[in-house]
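Here's the structure we're looking at; comments come further down.
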Amino acid sequence: MKHDKPEQEPSPIYESQPPTWLPKSHRTADVGYPDYHPPCPGQDEDVLSDKHVKDGFLLPLPVPDEHQSAATILLEQDSKRGRIFDQSVLTDLEHLMNDIFTRKTDHAASIQSSAFKIPSRVTMSDTKRQTWFAELANPDVPLNKLGKSVPHGAKGHDLLDLLHTNNVAIPRAVWFLRVFGANETAGLRNKPSYNPTQYSIDWAIVVTSYIKKQLADIALPSAPRPGMNIKQTFKGVLFDSESRDRWVSRFTYCLKLLRPFYDEGLVDRRTFLTWLVLQMTTCNLAQAGFVAHLADEYLDGVLEKRPFAKPLLDACIAKLNEVRMASAQRHLTKLEEILKSLIQRICVAIPDAFVSPSIWLAHSSLLSSLLAESTGGGPSDIRQREFQHLLSDNFVDIQRRNDAMLFRNLPPRKLERLGSLVVDIQILNSICSGTDMSSISFFSQIPDSTSSSSFVDKLDTLLTWAVTPLQYGSHRPYAAVTLLQSYHERIARRELYSATLHDHLFDWLDTKAIAWEVGNLRAVAILFGKLVKSGLFDYAAYVQRLVARGEGGLSYSEPDDRASFHRNFLRWIPLHDTTLSLSNQRKVILYGARARQTPEDICEREMRKEIRAILPLVFGGETPLPSISMSSLRSSCSTVLDAPRFEQVRTFKQWLLPNFHKFASRSESLDEASVLKTYSIVVELLKYTNSYGSLLELSLSVLSQTSHAGLLTAVGEVFHRFATIWTSMNVTGIITSALYSAHLLWRTRGVQTRSLLALLIEMDDCRQLDSTARTQVENDIAAFTHALAPRTDHPEVAPSFMPEILLLAEDSKVDAPSILANSLWYKYRTSADWAWKVWDNTIASLRQVPVMSEDHERRHTYALRYGQFLLNVDNHIPGGIDNDVLQWFLGTGKSEVLGLTLETWDVLRAVLLFLCVHGALSTTTVLRGLVYPAWELGANASTFYQPQTMDAFIQAASKLFDALVLQEECFISLVIPQELLDAQRIHTRRQDAFREPHFTLLASNIPILVLLEYNSVISDELRAIARDLRLRTCESRDIRQSCYRNLDAVRRGFEHPIQSGMVPETLCEPLVNALKLILSESNEDTDVNSFLSTGISSVLSPWRLAATAVQLQFGLRQLGRALACESTKDGASASLDKMTSLIFHHSMASEEAYFIAEMARGVDGPVAIKFINNGFKSIVDILHQVPAPSGPESLLLRVDRAGEVLRVLSHVSEPLREEETALDLDIPTQERLAKTILESLQLADLMFSKAIEQSRILTQVVIFLARLLQFDLGFSGIWTTEFQEACEKMAPVLFDLVMIHACGPAHDAVAFALLLDTFYFLIDDLTLHSKSSTPDPFKCYPTTLQSPHLPSLPSSHRGRLLTLFPHLRPNTIIQDLTHAHRDSTGHLVYGAPVQNRPWEWIENLGGDDQDDGDIRNTASLSLELFGAKATGDRLVNPVRDDERHIPLRLEGVFEDKLSAESVFRRDWRETRLQAHIDVRAGERDTAEGADELGCLPIFGMQKPGSRRVSPASSVRSRGSVSSARRSPSNRTSVSTKDGIGETGSGSGSVKVRKRKASVDDDEVEIVEGPIPANPKKPKVKHKPRKK
């Protein structure tokens, strides 16, 4: 079934509606909504016509022509055509308006004369006076009733008590006191000397004394006196509640009065702040709580000036320390917090107050805890973190500046030239037998280019080190060539040709004076001979260059006075591999083309003759060689040894070595002893001539060809003896390979030599052999050890007594020693100590030898028999008997050797020397076991010394040391002949004593030898022996070479006896002399400074600098100990004076001065004081040299010279400053120094005005003088009267220099900061030591800021300088106000600034409010002062926003009269647009009624075209009084809160949009609007105002 649908109503026609938030364009007229145009039926754009379809819909123009103006119509109506542009029309209009304004002004009321009168004082009875004060305290009684007269009577404290008693309100009390003061000063105002602020000073004294009187009531109980049994009771004013309330009430009232007094200038700020700072210093802890609060309240005034902030800081620090040390600290936490806050605020506001070295020295740790440590604020506490960050930054700067003035933490200076030279020399001197030449980093820090300047400097150092006589060691030329060759090979891939290196070598040879010295000629020839041989120096190019430049004096035919030093080089430099043409060229240059026989040929023939005589077997002779000594060898070969290097090399290379190779090839058929003698002679001959290259070639040849075991051992000893040279030549690899080959060869023959294996391990040093060969050697050593000492679980036990050893003495068979040794080894080879027991029995047997025979030769025969026996025993032990003998000497042998007689020592000496020569014992074993203990025994000998047992021991030990270490040739015994080979073996063995680790022990025993020499208990004979040994030891070149290699070991060795306390003060000087003799090659002298007197330039040269350092350090320390002893004080003082005089009066480079300072650093206090006093004397002498400096350059020279001394003194005194050691400085020297600094500063100040173009030089001078003054002020206890007077005169001169460097042509920021800090230092010390009874913080500070270049003074400098002057910031009442008037032309002329007259500017009490049109001039400030004029305008009364009938933004458009609002409020209003309504939902009704005209544009108010300013009144006129500034008693603040422009109120926040307004120069534009979230009124910064 179909149901009918219900009939639906038609939908309504849609009508477009505006948004609910959109207001109407007009309240009553139906003009629609702004920017809302809904479609409607029948509108034109809906009509479809051909034109609309084709061209689109266009609205018709509102006027016929949009580009037409009304001017065209007017021109058509004006017959004159152009009158509208006639200038006279505008002029007439301007005159009309001016007449209107003039008449308006003439009819305005005139300004009356000032009718203000000060309320008079009258004498009242007590009742009336009390009534008057009661009415004054009653706020309902108007002041204009009381202002007709005031009572006269009470003054000062009584007056303040009267006000407090009546509880007068603070504003009314201030009015009364102002009137009271005005009457007090009324009679003085007409006097010429009247000072308006004097009464403020007087009143400040009254108020501060009143506060001090109240604080004095707060006392602390006195400490009980020791020994006084008196009971005392203490009851303070704050103890009782009633008295406490009374005191608090009065004190609080006084502080309330003080605030307006301070703000309005009724109390002099300088006087009050001075009292406050002083009171903080003198108050006790109970008073400090109140004073600290007072200081906290008025801290802003204190922070304006450093003279206030500095003493307040000192007082706060002192009180903080006192709080922390007080027993009641837990009750003073609030005071401690306030003090901390004060210190931190001072640091933030005026950090210059902390620039005080005296405060920093005493309280740096406290300040660090307050300023540098974090306060632990949370992450959200941004302000706290920023504040702490600022504190930390300021603290770092404060610390840096104070430490700089105290010469603390001086930056370590890098000695670029001198330091690098010393380091390089130490690296070169460290080369020894164990050095890996590839690891020497001599050229590693320079670029890989021989053309760099650093390479040239390094090359100069290397070549000079190789030839200078100030260094030691024959290895130096070879090491230099090896290092240079290694570097050259490293860069050979980058440089195709080595001409650059050749040029550098030639330049060194051509320009360096050390190469020209005759004494260095042989060393230069050896060095360049090796360079030529290695291809680093081209001899042919060298000759060609000399010829090419026309070098004269090369030929020997020319006279000697015209000879060139290159002639000697050509004559001496050897040629290893040369060509015939080069040889002929050299011969022609030196001797001419016609020379048939040259001196070289004659010399070579003589050399061959001498060599044939000593080596007959080499040249075919059959005569057995006689025994020859080293001295006889030198005398027999004098020509060979003295011949030029050219002939030596040519003779050895071309003649001796080929012949010796032939001899070596046939040596198997010769006797081994003869071969050994021949080889030893050749070795010594090559050693004397420094021909180590030939010696290496010879030894390697013999090693590969010989079949004699003795010769093999001799070759090994040569390798060991000259190990340092082989290392320097970088041939240890070649030697190791040759030794390994020889070992394999001899092993195939069934012979293994322990010495060969030991030498192989030594030369290899885990670097040369490959792993396979090294393993093979280790296996061979292990097999050799197992064969001689097999391991067993049941070793044999060697008996303690072996009678067969005693019987050996009488066994004359040749093989008896070997048979006995073999038998003992066979029996006890498994025993671990059989060698020790054999030695013990041998010593016991040797003690019986003098008893067996009285014949000296027979005794030596027995001794050598035992020596041979021990030598055979040594061969049966894997490690030899050396260690067993040493353990015996250090063990039971200590007591055994003391019982030996001189005869026994003679026998034992022969045995020991025999074993040392043949390698069974090392030299170091004898030294450690016998010699050093004997010296120590003699050095420590006292009254219990037993000469009968000890003399023999000490004498025998000294002879052994002489034979093993010092003698050139060793005599074992008269029984056997003296052999050259034995002497060479002794030289080989003693090398171990010169190498580490044994050299340290040797160096430490030289001081022991000195103590033995000066021990009066020892016999004179032994003391003479000790002295002779010491002198010869110190003069030994081998020992000096070792000393320069390890200077620290020498220094420690000499310091140890003194540090151990075993040396009396009288022996300090002999120890210093002994050290000096080792390191300086000077003759022994009793003066400790003799090493300096020989020439300080030489000891400060890089070659001796390290040794000089050791001597200087040791000498100064010994002098310090001597100064502490009365018996040696005078002599030590004289020595120290001489030393410092030599140092300070020598012109040193800055690096040398720094070096001496480092060496003198850390010396004892007396030495440092002497050093500093003499340094100051030297500085005074330098600056006072005659004649006086004529200009900045001459003054700078003196300053540079004195700066070297100051550099030394600063480093010497730095440890003493850190330890805060009191120094006893010489007072006369300090007074002279202060006068010298003053005169120098005055001279520099004068020169700045005369020679400004040389300001940079003068700035350097002034900086040094300031640093010198800082250094001197850093010492306490020098403030004598003369010193203080000089410093007082110095302060203004120093400030003048500060101003010179603050601005102008001599501006220097660094110098300004340094001089200003120095000024702070000086002023603070002057204030600290001032004895004035009336403390004045500004006493020593400058009073005026004067400079012809003040306009260019940077603002940062100006701010810091202004904190020094006594002129405080003017009161806010008169700040930026000045008197002004107009001259005849109408221009404004500025006069003096307005002076504050707080006692004359009394509040206007009113009382006459009639509005009769007259302008009343009844205030204390006359309107005439402001140039006030009656304009006839009226001020519009303020209207509330809800009562306005005209929109607020149009108020200025429709108002003819003056607006009651300020310029700033009006500008704020007119430059803001209304907020869009859509941000305030729900306020539609309010917005609709807010403005009936909608948003209209605001146009500029000033029209162009006017040529003169209108005489009409304007709130922007500079000649009128601004409404923002009124009389002091009626000051108003400017508010911008009401300038937003809203008429409604809502709870939502209002967003304000700004537009940029084009304003005139005379208008004020507020750039930022008010912040609604902040209820505070922003401060408005005014332009300077004139009065």
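The values are calculated or read from the model by the stated rules, or taken from the named source; none is laboratory data. Worth saying up front: this structure is predicted, and the values here are computed from it rather than measured. Cβ placement follows ideal geometry from the backbone for every residue including glycine, while neighbour counts extend to all protein chains displayed. To get the accessible areas, we keep the full protein, side chains included, count just its heavy atoms, and leave off ligands, DNA and RNA. Shrake-Rupley method; radii C 1.70, N 1.55, O 1.52, S 1.80 Å.
Residues being in contact with a His (Cβ under 8 Å, 6 or more places away or on another chain) and in a loop (DSSP other than H, G, I, E, B): count how many of those fall in segment 1377-1403.
At the first step, the residues of segment 1377-1403 found to be in contact with a His (Cβ under 8 Å, 6 or more places away or on another chain) are 1388-1394.
Those left that are additionally in a loop (DSSP other than H, G, I, E, B): 1394.
Qualifying residue count for the region: 1.
So that you can scan it fast, the table gives a plain yes or no per residue for (1) in a helix (DSSP H, G or I); (2) in contact with a strand residue (DSSP E or B) (Cβ under 8 Å, 6 or more places away or on another chain); (3) loosely packed, with under 15 Cβ neighbours inside 10 Å:
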| residue | (1), (2), (3) |
| --- | --- |
| GLY733 | yes, no, yes |
| ALA738 | yes, no, no |
| SER741 | yes, no, yes |
| ALA758 | yes, no, no |
| MET763 | yes, no, no |
| LEU769 | no, no, no |
| THR775 | yes, no, yes |
| GLU778 | yes, no, yes |
| ALA783 | yes, no, yes |
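Yes/no per residue for (1) open to solvent by 10 Å² or more (accessible area, probe 1.4 Å); (2) part of a helix (DSSP H, G or I):
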| site | (1), (2) |
| --- | --- |
| ILE805 | no, yes |
| SER812 | yes, no |
| ALA821 | no, yes |
| LEU824 | no, yes |
| LYS827 | yes, yes |
| THR830 | yes, no |
| TRP839 | no, yes |
| THR842 | no, yes |
| GLN848 | yes, yes |
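The number of residues in segment 809-828 that are at pLDDT below 90 and either within 60 Å of the chain's Cα centre (by Cα) or aliphatic (A, V, I, L, M) (or both) comes to 2.
Considering each residue of segment 409-427 in turn, none proves to be modelled with pLDDT of 85 or more, among the hydroxyl-bearing types (Ser, Thr, Tyr) and at negative phi. Within segment 49-59, one or more residues are modelled with pLDDT of 75 or more, in a helix (DSSP H, G or I), of a type in the set (Val, Ile, Thr) and over 30 Å from THR1431 (Cα atoms). Of all residue pairs spaced 6 or more apart or on separate chains, those with beta-carbon atoms under 8 Å, a first member in segment 568-593 that is within 18 Å of LEU554 (Cα to Cα) and among the polar types (S, T, N, Q) and a second member that is open to solvent by less than 40 Å² (accessible area, probe 1.4 Å) and in a loop (DSSP other than H, G, I, E, B) are SER583/LEU575.
Residues that are surrounded by fewer than 11 Cβ atoms within 10 Å (Cβ to Cβ) and of a type in the set (Val, Ile, Thr) within segment 319-334 comprise just one, THR333. The combined condition, being more than 24 Å from GLY710 (Cβ to Cβ) and of a type in the set (Val, Ile, Thr), is not fulfilled by THR736. ALA154 satisfies every condition listed in (1) open to solvent by 90 Å² or more (accessible area, probe 1.4 Å); (2) not in a helix (DSSP H, G or I) except (1).
Of the set (1) modelled with pLDDT of 85 or more; (2) open to solvent by 50 Å² or more (accessible area, probe 1.4 Å); (3) among the basic types (Lys, Arg), all apply to ARG189 but (1).
Considering (1) at pLDDT 85 or above; (2) in a helix (DSSP H, G or I); (3) more than 16 Å from GLN654 (Cβ to Cβ), the lone condition that ASP561 does not fulfil carries the number (1). Checked against (1) over 18 Å from PHE1338 (Cβ atoms); (2) under 40 Å from the mean Cα position of the chain (by Cα), ARG306 passes all but a single condition, namely (1).
Residues of segment 626-651 being assigned to a helix (DSSP H, G or I), of a type in the set (A, V, I, L, M) and closer than 30 Å to ARG586 by Cβ, which ones?
Restricting attention to segment 626-651, the residues satisfying the condition of being assigned to a helix (DSSP H, G or I) are 630-636, 638-642, 645-651.
Subsequent filtering for residues that are of a type in the set (A, V, I, L, M) retains 630, 633, 640-641, 649.
Scanning segment 626-651 gives VAL640, LEU641, VAL649.
Please tell me if ASP874 is open to solvent by less than 40 Å² (accessible area, probe 1.4 Å) and within 60 Å of the chain's Cα centre (by Cα). No, not satisfied.
Picking from residues in segment 165-186 that are open to solvent by 40 Å² or more (accessible area, probe 1.4 Å) and at pLDDT 90 or above, the one that is farthest from ARG1397 (Cα to Cα) is THR165. Confirm whether SER1097 is at pLDDT below 60, surrounded by fewer than 22 Cβ atoms within 10 Å (Cβ to Cβ) and under 25 Å from TRP465 (Cα atoms). Yes: the conditions hold for SER1097.
Among the candidates LEU1206, LEU1216, single out the residue that is in contact with a Gly (Cβ under 7 Å, 6 or more places away or on another chain) and in contact (Cβ under 8 Å) with a residue 12 or more places away in the chain.
On the way: LEU1206 fails: in contact with a Gly (Cβ under 7 Å, 6 or more places away or on another chain).
None of the other options fit; the residue is LEU1216.
For segment 594-625, the tally of residues that are touching a residue at least 60 places away in the same chain (Cβ under 8 Å) and assigned to a helix (DSSP H, G or I) stands at 2.
For (1) modelled with pLDDT of 85 or more; (2) among the small types (Gly, Ala, Ser); (3) open to solvent by 40 Å² or more (accessible area, probe 1.4 Å), each residue gets a yes or a no:
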site: PRO1351; (1), (2), (3): no, no, yes
site: LEU1362; (1), (2), (3): yes, no, yes
site: PHE1365; (1), (2), (3): yes, no, no
site: HIS1379; (1), (2), (3): yes, no, yes
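Candidates in segment 744-756 are the residues that are more than 60 Å from the chain's Cα centre (by Cα) and open to solvent by less than 70 Å² (accessible area, probe 1.4 Å); of these, the one that is nearest to ALA835 (Cα to Cα) is THR753.
The residues of segment 158-183 that are out of contact with any Pro (no Cβ under 7 Å at 6 or more places or on another chain), in contact (Cβ under 8 Å) with a residue 60 or more places away in the chain, under 12 Å from ARG121 (Cβ atoms) and not polar (S, T, N, Q), listed by number, are GLY181, ALA182. With respect to the stated conditions, VAL348 fails to be among the aliphatic types (A, V, I, L, M), open to solvent by less than 40 Å² (accessible area, probe 1.4 Å) and at negative phi.
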